[in-house]
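The values are calculated or read from the model by the stated rules, or taken from the named source; none is laboratory data. The model shown is predicted, which means the values in this text are computed figures rather than measured ones. Heads up, the Cβs are rebuilt from the backbone with ideal geometry, glycines too, and the neighbour counts pull from every protein chain shown.
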Amino acid sequence: MRDDAGDEAVRAEDDSGDEQPGAERRRASRRKLPFGRGAVLSVRDRAHIVGLADISVTGAYLTARVPVEAGEVHLLKVLLLPSRIEIVVKVEVVRVSLADHESRDHPRGVAVRFVDVDERQLTLLRAFVAREPLRPPA
């Protein structure tokens, strides 16, 4: 299912522990974004333009070949369109898959988890993932 901007909804699976090995384990609803949607990942004094494959309130999957390793913490700048509100969140690298595509939905890239998200960022992320009109929180 796609919205007007070509974005695709991705519903998370239950993390009850009853799934088969290799089954989906995401806990939060994710918003799959069309090719070309970008963000900026700051890694050690360098800014890397990365593709934003999908995003949730807890993390994102970045399509990029960036020199990072699991456990590292960096900053991710995301422009939430169409309202053009920018958020900068601290992210922890959870998984790096640079040699092969993980799946059709996840080409080579980096999975990140948001850390130390403040209430403003959380409110904006919730609205963006749910495709609600974005307004900066008061």
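Here are some notes:
- Region 44-62, residues that are in a strand (DSSP E or B) and over 8 Å from the mean Cα position of the chain (by Cα): ARG46, ALA47, HIS48, ILE49, VAL50, GLY51
- The single residue among LEU76, LEU124, LEU62, LEU52 that is modelled with pLDDT of 95 or more and surrounded by 13 or more Cβ atoms within 10 Å (Cβ to Cβ) turns out to be LEU76.
- Which listed residue is at pLDDT 90 or above and either acidic (Asp, Glu) or on the phi < 0 side of the Ramachandran plot (or both), from ARG135, ARG113: ARG113
- Members of region 93-110 found to be under 14 Å from SER42 (Cβ atoms) and at pLDDT 95 or above, listed by number: VAL93
- Pairs are defined by a Cβ separation below 9 Å, a sequence spacing of at least 6 or placement on different chains, a first member in region 49-60 that is farther than 15 Å from ALA130 by Cα and aromatic (Phe, Trp, Tyr), and a second member that is at pLDDT 90 or above and surrounded by 23 or more Cβ atoms within 10 Å (Cβ to Cβ); no pair meets this definition.
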